[in-house]
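The values are calculated or read from the model by the stated rules, or taken from the named source; none is laboratory data. In this text the structure is predicted, and so the values were computed from the model without any measurement. Using ideal geometry, Cβ is built from the backbone for each residue, glycine included, and neighbour counts are taken over all protein chains shown. To get the accessible areas, we keep the full protein, side chains included, count just its heavy atoms, and leave off ligands, DNA and RNA. Shrake-Rupley method; radii C 1.70, N 1.55, O 1.52, S 1.80 Å.
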Amino acid sequence: MPTYSLRYATDGLGEAKRIDFEASDPAMALELVKAEVSNRHAELWDACNMLCLMKYGDDGVWQLSGSI
């Protein structure tokens, strides 16, 4: 399975951090990080490629920019 990274920059909601995890594809990666990303902007990476900038809102809707 591919390894993905969820990356945060330091912001008003927390410190910079990186979480590495495995998922079968980008759709599964998004499903796995829902609770972690809630109301905070993050980057989703597949190895050396940034897939998207994202935020999962309280309304249950993903806000994505980039090229997932």
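Please go through the stretch 1-19 and give me each residue that is farther than 16 Å from residue 53 by Cα and of a type outside the set (Ser, Thr, Tyr), ordered by number.
Answer for the stretch 1-19, where residues must be farther than 16 Å from residue 53 by Cα and of a type outside the set (Ser, Thr, Tyr): 1, 2, 12, 13, 14, 15.
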Check your understanding: Is it the case that residue 7 is modelled with pLDDT of 90 or more, in a strand (DSSP E or B) and either open to solvent by 80 Å² or more (accessible area, probe 1.4 Å) or of a type in the set (Phe, Trp, Tyr) (or both)?
Key -> no
Point to revise | Scope the stretch 10-43; condition open to solvent by 60 Å² or more (accessible area, probe 1.4 Å), among the small types (Gly, Ala, Ser) and either touching a residue at least 24 places away in the same chain (Cβ under 8 Å) or part of a helix (DSSP H, G or I) (or both); matching residues | key: 27, 35
**Study point:** Residue list for the stretch 44-68, filter: open to solvent by less than 70 Å² (accessible area, probe 1.4 Å) and under 21 Å from residue 20 (Cα atoms)
**Key:** 44, 45, 46, 47, 51, 52, 54, 55, 56, 62, 65
Review point. When you look at residue 17, is it within 8 Å of the chain's Cα centre (by Cα) and among the basic types (Lys, Arg), yes or no?
Key: no
